[in-house]
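Student: One structure, pasted below without further comment.
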Amino acid sequence: MIGMEINFLAGKYHATPWGKSCNEGIPEWPPSPWRILRALTAIWMQTMPEITRAEMMRLLTPLTALPCYVLPPTSVGHSRHYMPIVEGSQYGSGLVIDAFVAIDRATPLQVIWPNVNYTPADLEILSKLVGNVTYLGRADSWTQCRIISDLSQPAVNCVPLSVGSLPLFARRTEHLRLLTLFGVQGDTLIDVLLLQTGINRGANKSIDPPHARWVTYLRSTDTQKTLPVRDRRDKPLDYVAACFALDRVPLPSVLETLRVGEQTRIAVMGLFGRLFEGRISVTLSGRVDGQPAKGHRHAFYLPVDTDGDGYLDHIVVYSPAGFTVQELLAFETLNEIPWGVHDHDGSKTQQRLRLMLLGLYKMGDLTANLPQLFGPSRRWRSATPLVLTRHPKCYRDGRLKCHANGEQIDGPEDQIRKEWNKHYADRHEWANLVSIKCSSTIMARPDHPVRCLSFKTIRQRGKGHSAGLSYSLTLEFDNPVSGPLAFGYGNHYGLGMFVPDLG
């Protein structure tokens, strides 16, 4: 008794039964004896030409006997693809169904030849040959194969009908037909296995290969598992951030942060709607039934200057709630955003800012991969102005209305503390905001302060509550905290954004 063990490394087996169309959606399972013999012959020609034709016939002839199978638990699935069709000047597309068998990577398929034995020398050659089989069926059905000879009583669950039912079989069985070779020996065996399908169907006018025979097998249905369908398209995954690189000459100035963030939101929302029948993502839009979402759990569009040269080179889309599969698909599709109109001699052309998706990140990956935005740090400074959402309070005679700690009511320090306590403090229970320093300039690049009034601070779309006053601040905590930190008006589009102050 000898056997062949096949591990499907990708957990899938793609193969269409002989005589069937791929669009019938019927995968071949288990692999037919004909397919296994053809695979061994092809591997011999490609990887081991030192084996003579006589040796190959001696190895393959015993394997023309009908094998039995030990089938692992499987389920059947398929995917659909629209392939381009070009006929002359006409372009179209055709639907192709890719059916496959899903298999546990850790559970191999075993093909058993009960009455076959080899000499030690032939067994060594056959082991090398089988070990070179890297795929079976379609080329993406990756395999790792080996010969097994230490078989005692394998729990076979798929046998030729002529063998009859076995005690080890489950109660539920079904019939299937597999293509095998019959009545072929000597040089004819190699010639038949090397015969090209096109020649067989063209010159021989035959669908089935010569010397082929369809054999009915009895297969246990206990190995066929119907896996529960888990539709996670609308459920958040573990990915909370997507990072894009910006590509344009020249790159946008940091003064255009709000515009880049807002245009990115418009572009990704438009892609999401076109991909999914006009639907609106709550996470991407920040709108629930037409009203602003509460709790700041929706997406932040945060343009970043990572090299400190005063020009934006990346944008990070971040949501603490996580993104769904559909939202991630919109990110993968996003490759540009509108960026103004160029007027040259009266000819106007739409300019584009190109985006390239660099990666998707989980919560634990942020500080290691994007420290310029996520820290952690004890000191944080303004990268863009904080635009107040409420007017600072004063008495009628001009005196400031202040809290007991001396901070003006609804002043920049007061609004920062309120937003920190409302939206961030629960995620940083170990850290307290101990110091807030206010100024009117932001360090766009080293030794180059820029006035807050130079930044664009009015959104092109949407309303929001803006007092029209902008400030630069430095925040200090008693323990390091992780970002992103963004406060005030337009904070979901890059305004009021803080970065770690490493100086």
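Student: Give the peptides 375-387, 350-362 in descending order of average Cβ contacts within 10 Å, highest first.
Tutor: Working: 375-387: 23.7, 350-362: 15.3.
My ranking of the peptides, most packed first, is 375-387, 350-362.
Student: Hey, another quick one. Rounded to the nearest 0.05, what FRET efficiency do Val325 and Ser149 have when you use their Cβ-Cβ distance and R0 = 41 Å?
Tutor: Using R0 = 41 Å, I get an efficiency of 0.35.
Student: Based on alpha-carbon atoms only, what is the radius of gyration of region 363-452 relative to the globular estimate 2.2 N^0.38 Å?
Tutor: Compactness ratio reported: 1.31.
Student: From the residues Leu370, Phe276, Leu66, which one has its Cα farthest along the dipole of the chain in the positive direction, the dipole being from +1 and -1 charges on Cβ of Lys/Arg and Asp/Glu about the Cα centre?
Tutor: Result: Phe276.
Student: Output the peptides 40-48, 215-223 sorted from most to least packed, where packing is the average of other Cβ atoms within 10 Å over each peptide's residues. Before the final figure, lay out the partial values.
Tutor: On the way: 40-48: 16.2, 215-223: 17.8.
Top of the packing list down: 215-223, 40-48.
Student: A further question follows. Treating cross-link reach as a plain straight distance, find the aspartates and glutamates whose alpha-carbon is under 12 Å from the alpha-carbon of Lys20, omitting any fewer than eight places away in the same chain.
Tutor: Result set, ordered by chain and number: Glu28, Asp208.
Student: For region 2-223, restrict the atom set to alpha-carbon positions and state the Rg and Dmax in Å.
Tutor: Spelled out, the Cα radius of gyration and Dmax of region 2-223 are 18.3, 63 Å.
Student: Then there is this: Take each of the peptides 57-68, 137-148, average the number of other beta-carbon atoms within 10 Å over its residues, and list them starting from the highest.
Tutor: Averaged packing, sorted descending, gives the order 57-68, 137-148.
Student: Name the residue farthest towards the positive end of the dipole of the chain from the options Cys145, Ile112, Val317, assuming +1 on Cβ of Lys and Arg, -1 on Cβ of Asp and Glu, about the Cα centre.
Tutor: Working it through, the farthest residue towards the positive pole turns out to be Val317.
Student: Send over the per residue convex hull volume for the chain, Cα only, as a whole number of Å³.
Tutor: 261 Å³
Student: Output the pairs from Lys294/Lys401; Lys362/Lys418; Lys401/Lys437 with a Cα-Cα distance over 24 Å in this structure; if there are none, say none. Mind showing how you got there, number by number?
Tutor: On the way: Lys294/Lys401 29 Å; Lys362/Lys418 28 Å; Lys401/Lys437 19 Å.
Distance filter (> 24 Å) returns Lys294/Lys401; Lys362/Lys418.
Student: Please report, for the Cα atoms of region 436-487, the Rg to one decimal and the Dmax as a whole number; what are they, in angstrom?
Tutor: For region 436-487, the Cα-based Rg and Dmax read 13.6, 38 Å.
Student: Then there's this: Given the C-alpha centroids of region 411-451 and region 264-323, what is the distance between them in whole angstrom?
Tutor: 23 Å
Student: How do Val260, Val130 line up, fewest other C-beta atoms within 10 Å first?
Tutor: Values: Val260 27, Val130 21.
Least to most surrounded, the residues fall as Val130, Val260.
Student: Treating the beta-carbon of each Lys and Arg as +1 and of each Asp and Glu as -1, no other charges, what is the dipole magnitude of region 374-503 about its Cα centre, to the nearest 20 debye? Mind showing how you got there, number by number?
Tutor: Details: 19 positive and 12 negative charges, 115 e Å.
With Lys and Arg at +1 and Asp and Glu at -1, about 560 debye.
Student: A further question on this structure: Scanning the chain for helices, which whole DSSP H stretches are 20 Å or more long along the axis (Cα) and average -1.0 or more by Kyte-Doolittle?
Tutor: Helices meeting the span and hydropathy rule in the chain are 33-47, 257-275.
Student: Using just the Cα positions, wrap region 269-382 in a convex hull and report its mean projected area in square nanometres, one decimal place.
Tutor: 10.2 nm²
Student: Calculate the FRET efficiency for Asp426 and Asp397 from the Cβ-Cβ distance with a Förster distance of 51 Å, rounded to the nearest 0.05.
Tutor: Step by step, r from the Cβ atoms, then E = 0.80.
Student: Run the dipole for region 232-372 about the Cα centre, Lys and Arg Cβ at +1, Asp and Glu Cβ at -1, nothing else charged, and hand back the magnitude in debye, nearest 20.
Tutor: Dipole magnitude for region 232-372 comes out near 620 debye.
Student: So which aspartates and glutamates pass the test for Lys128, namely a Cα distance under 18 Å, with those fewer than 8 places away in the same chain ruled out?
Tutor: Glu5, Glu50, Glu55, Asp150
Student: Near the amide H of Gln224, under 5 Å away, which other amide H atoms are found, from residues 5 or more places off or on another chain, if H is placed in the peptide plane?
Tutor: Thr74
Student: May I ask which residue of His391, Ser93, Trp34 lies farthest towards the positive end of the charge dipole of the chain, with charges of +1 (Lys, Arg) and -1 (Asp, Glu) on Cβ and the Cα centre as origin?
Tutor: Farthest along the dipole direction, towards plus: His391.
Student: Let me ask another. Using a simple charge model, +1 on the beta-carbon of Lys and Arg, -1 on the beta-carbon of Asp and Glu, nothing else, what dipole does region 2-223 show about its Cα centre, in debye to the nearest 20?
Tutor: Value, rounded to 20: 400 debye.
Student: Something else: Within region 282-347, list the trypsin sites (Lys or Arg not before Pro) lying in a DSSP loop whose Cβ has at most 13 other Cβ atoms in a 10 Å radius.
Tutor: Answer in residue order: Lys294.
We did not get these values from a lab; they are worked out from the coordinates using the rules stated. Since the model is a prediction, treat every value here as computed from it, not as a measurement. Quick reminder, even Gly has a Cβ in these numbers, built from the backbone with ideal geometry, and neighbours come from all protein chains shown.
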